Each structure stands twice: as structure tokens, then as C-alpha cells.
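Trainee: Have a look at this one.
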Amino acid sequence: VRKKKDELILEKDTWFKYERERILNLVASTSRRRAFEHAAEKGVSSWISALPLKALGYTLNKQDFRNALCIRYDWPIPNLHRQCACGEKNDIDHTLTCKKGGYVYYRHNVLAEAEAELLREAKCRNVHTEPALLPTVPELHPKGTITTDGARLDIVATGLYGRCERTFMDVRITHANTPSNRALNLEQIYSRNENEKKRKYNSRVINTEKSTFVPLVFTTTGGQAPECQRYHKRVAELIASKRNENLPHVMSYIRTKICFALLKSVLVSIHGVRGKQTRNNTPVKDISFGLIPTEEMYECR
């Protein structure tokens, strides 16, 4: 029975792969074909299959749900501004990479906080964000290492890989359809971004901090680089051990949590305000409170 079951599973997977390749060959648009490839990554579809639990933040309104589907399948987003506040022609690729409005940094910070929450759930010690690195000198590190004073990484935690061992993490979210990434496949995109992070911080963390460095590379669609996947597997093992839970269930929870955090931060940037948000009115802090009428100044009460 076991052997027959494995044969049926293999046959089913083979059929799905064949159908996927057949559908991809029917797609004429290169960007849409890449979108389909990104949608097939592990964990990217977690937000679709998850139960809409408000307590866990697994809810979207109908506009956000439609926009998420448009991003997933490279469909045009309705009511998207034709012109960006920076002056460039606006589309989904520009929206997710334009730094005007601070949405790129906002997306990064949301994901870093979500990762820090997972480490706290895993009962790691001394978990905090934006830790400052110890001072160092350039002569101790290879070319390309950031050695400036005051340099910071995104997350630090103690007890992830050893009881008293500290681990530094740095988050990067890349958009796969930027001009610099269009000629690369997903494996090359992940490898390039991981190597860039390691070149900047790995030597300093190992030789100066005497700690471990892990680059956490994501795509805007929810994909994760290989080292990021191994890191999440380790976090899942700790959570499953602490709570006596099933490891696959914990992995599913982590993927869904990260997927929603990334998706919601992406959706915020689509219709977010990027120009001036306030008029040139006199701020309240510059107004003398003696000019504001009080109850005693009214003749009729």
C-alpha cells in the first residue's frame, strides 16, 4: 500500500509539473511568465490558503485582496496613478521600488519586526532590532566590508544556534522585476543578494563580534532565499520543541506569518501617498495659547 501511494504521489506531481510548463509556454508576456514562476515558490501562496483569522492578522479587505491577486499574476491594478510623485511613469514595478514616501523602508521595518517576534516566540534571549556593531578597523577585514563606526544590523538574538551564541540577521527585500534583475533567474537573484550581504557584514560579525551572521533575503512576492529558508527551519524547530508542536505545522505558521507581513506592507505602498501630505498651515505649536478662546472669554454661557 505504501509503495502504491508513493507511486500515485509521484504521478500526480509529474502531471502538475507538465501542466505548469504547458501553461507557461502559452503565456506570451515575459513579465507575466516570471510572475507565474514566482507564484510557484514555496510559501508564496500561504496567504491564499490561510483561514481569515483577525487575531493573527490574516485578513484583507476586498480591495487589498484584488490588488494582491493582480500582483501575483501581473495583472494591471485598477485606479493606480499613472504618474508617480517622483515624476516617473507609474506601474506596479515602479511602485514597489520608488523610495519616495518611505514605503521601501517601511516594508523592510515591518518584516524585521515580524522576524524579531518569531525569535521571541522561539524563546531566544536578548532579541532586539537595530543592534550597533562593535568598532573595528579596515585592516582586519577583506575589501568591501563595512567598517564604519555606528554600523547597525537589523536583528540580534542569543540562543538560536547555541545556548550562549549570538546571531545577527540583516533583512533585504528585492523586487525581481527591476531592470537589474530581469536578466537573472530566481536562483541567481537570491545568490547575488546573499553574497552582497555577506561581503558587507560577514567578516565583521565573525571576527569582531565573535558571532554568526545570517542574511535574510526575500522577494516582494514572498519568496525566500535558501539561507533564509534554513534559518526559518531552525526557528520552527525551536518553537516546536518549546511548545511540543508538530514541526510541519509550525513551518506553515511561520511561512504564513511572514507572507502576510510582507504582503500587507506591499499593499500599503500601492495606493500610499507619496507627495505632500499637509498644507502649509501654521502649526499649532507655533500659535500662542493666549489667542485661543477659552470658556471664560465668552460673554454668554
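Trainee: Residue 243 versus (1) farther than 24 Å from residue 74 by Cβ; (2) touching an Asp or Glu at 6+ places or on another chain (Cβ under 9 Å); (3) open to solvent by less than 60 Å² (accessible area, probe 1.4 Å): which is the lone unmet condition?
Mentor: All conditions are met except number (3).
Trainee: From the set of residues in the range 155-174 that are open to solvent by 10 Å² or more (accessible area, probe 1.4 Å) and of a type in the set (S, T, N, Q), which is farthest from the chain's Cα centre (by Cα)?
Mentor: The qualifying residue farthest from the chain's Cα centre (by Cα) is 158.
Trainee: Limited to the range 195-219, what total is found for residues that are over 21 Å from residue 139 (Cα atoms), touching a helix residue (DSSP H, G or I) at 6+ places or on another chain (Cβ under 6 Å) and not β-branched (Val, Ile, Thr)?
Mentor: 2
Trainee: Still on this model: How about the range 1-52: which of its residues are open to solvent by 80 Å² or more (accessible area, probe 1.4 Å), of a type in the set (Val, Ile, Thr) and not in a helix (DSSP H, G or I)?
Mentor: Of everything in the range 1-52, just one residue is open to solvent by 80 Å² or more (accessible area, probe 1.4 Å), of a type in the set (Val, Ile, Thr) and not in a helix (DSSP H, G or I), namely 1.
Trainee: Touching a Leu at 6+ places or on another chain (Cβ under 8 Å), open to solvent by 20 Å² or more (accessible area, probe 1.4 Å) and without any contact (Cβ under 8 Å) to a residue 12 or more places away in the chain: which single residue out of 192, 234 fits that description?
Mentor: Values: 234 fails: without any contact (Cβ under 8 Å) to a residue 12 or more places away in the chain.
Just a single option satisfies the conditions, and that option is 192.
Trainee: Follow-up question, since we're still on this one. Would you check which residues across the range 175-207 are of a type in the set (Val, Ile, Thr) and under 18 Å from the mean Cα position of the chain (by Cα) and list them?
Mentor: Matches in the range 175-207: 178, 189.
Trainee: Go through the range 65-87 and give me each residue that's surrounded by 14 or more Cβ atoms within 10 Å (Cβ to Cβ), assigned to a loop (DSSP other than H, G, I, E, B) and of a type in the set (Gly, Ala, Ser).
Mentor: The one that is surrounded by 14 or more Cβ atoms within 10 Å (Cβ to Cβ), assigned to a loop (DSSP other than H, G, I, E, B) and of a type in the set (Gly, Ala, Ser): 85.
Trainee: On the basis of being open to solvent by 40 Å² or more (accessible area, probe 1.4 Å), of a type in the set (Ser, Thr, Tyr) and at pLDDT below 90, does residue 180 make the cut?
Mentor: Details: open to solvent by 40 Å² or more (accessible area, probe 1.4 Å): yes; of a type in the set (Ser, Thr, Tyr): yes; at pLDDT below 90: yes.
Against the criterion (open to solvent by 40 Å² or more (accessible area, probe 1.4 Å), of a type in the set (Ser, Thr, Tyr) and at pLDDT below 90), residue 180 qualifies.
Trainee: If I filter the range 97-109 for residues that are touching a helix residue (DSSP H, G or I) at 6+ places or on another chain (Cβ under 6 Å), over 21 Å from residue 225 (Cα atoms) and touching a residue at least 60 places away in the same chain (Cβ under 8 Å), do I get at least one hit?
Mentor: Yes, the range 97-109 contains at least one residue that is touching a helix residue (DSSP H, G or I) at 6+ places or on another chain (Cβ under 6 Å), over 21 Å from residue 225 (Cα atoms) and touching a residue at least 60 places away in the same chain (Cβ under 8 Å).
Trainee: Turning to a different aspect of this structure: Which pairs have Cβ atoms under 9 Å, sit 6 or more apart or on different chains, and link a residue in the range 112-141 that is crowded, with 17+ Cβ neighbours inside 10 Å to one that is among the acidic types (Asp, Glu) and in a helix (DSSP H, G or I)?
Mentor: Cβ pairs passing all conditions: 122/237; 127/117.
The values are calculated or read from the model by the stated rules, or taken from the named source; none is laboratory data. If you're wondering where the values come from, they're calculated on a predicted model, not measured in any experiment. Every residue, glycine among them, receives a Cβ derived from its backbone with ideal geometry; neighbour counts consider all protein chains shown. What goes into the accessible areas is simple: the full protein's heavy atoms, side chains included, and nothing from ligands, DNA or RNA. Shrake-Rupley method; radii C 1.70, N 1.55, O 1.52, S 1.80 Å.
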